[in-house]
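The values are calculated or read from the model by the stated rules, or taken from the named source; none is laboratory data. Here the structure is a predicted model, which is why all the values come from computation and not from measurement. In this analysis, Cβ positions are derived from the backbone assuming ideal geometry, glycine residues included, and neighbour counts consider all displayed protein chains. Heavy atoms of the whole protein, side chains included, go into the accessibility calculation; ligands, DNA and RNA do not. Shrake-Rupley method; radii C 1.70, N 1.55, O 1.52, S 1.80 Å.
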Amino acid sequence: MKISKTSQHGYVVSQTALEQVPVGSSKDQVLVALGSPSTTANYGGEVFYYISQTRRQSAAFLPEKVVDQRVLAVYFTKDETVERIADYGLKDGKVFD
């Protein structure tokens, strides 16, 4: 008997929430609309990363396999306004845990 189980991990950003943070939005506006990021970085300006994975387990005794991964990156200028937003998936790089 084959049992397939799919699970979602991390933060999945809705299109409605994303529309609330156009370029030029403040950092506070991003936090209200999208919540706390999964992680942050600082490359000249701060970057918020929202990370999610979809995993599938085809049988109870087999390990889960990552079938999709999304990283939404919100880049800020030095004055803490949104400079750009990027949406990365599996096609853009390697899977990481």
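Candidates 57, 69: the one that is over 16 Å from residue 37 (Cα atoms) and either modelled with pLDDT of 90 or more or surrounded by 15 or more Cβ atoms within 10 Å (Cβ to Cβ) (or both) is 57. Could you check how many residues of region 49-79 are in contact with a Lys or Arg (Cβ under 9 Å, 6 or more places away or on another chain) and outside any loop (DSSP other than H, G, I, E, B)? So the answer is 16.
Restricting the first member to region 67-84 and to residues that are under 12 Å from residue 25 (Cβ atoms) and in contact (Cβ under 8 Å) with a residue 12 or more places away in the chain, and the second to residues that are part of a loop (DSSP other than H, G, I, E, B) and open to solvent by 80 Å² or more (accessible area, probe 1.4 Å), the beta-carbon pairs closer than 9 Å and six or more apart or on different chains are 81/23; 82/23; 83/23; 84/23. Taking the criterion of being open to solvent by 20 Å² or more (accessible area, probe 1.4 Å) and more than 13 Å from the chain's Cα centre (by Cα), the residues of region 42-54 that qualify are 42, 43, 44, 46. Open to solvent by 30 Å² or more (accessible area, probe 1.4 Å), modelled with pLDDT of 85 or more and either assigned to a loop (DSSP other than H, G, I, E, B) or hydroxyl-bearing (Ser, Thr, Tyr) (or both) - does that describe any residue in region 4-15? No - not one qualifying residue is present in region 4-15.
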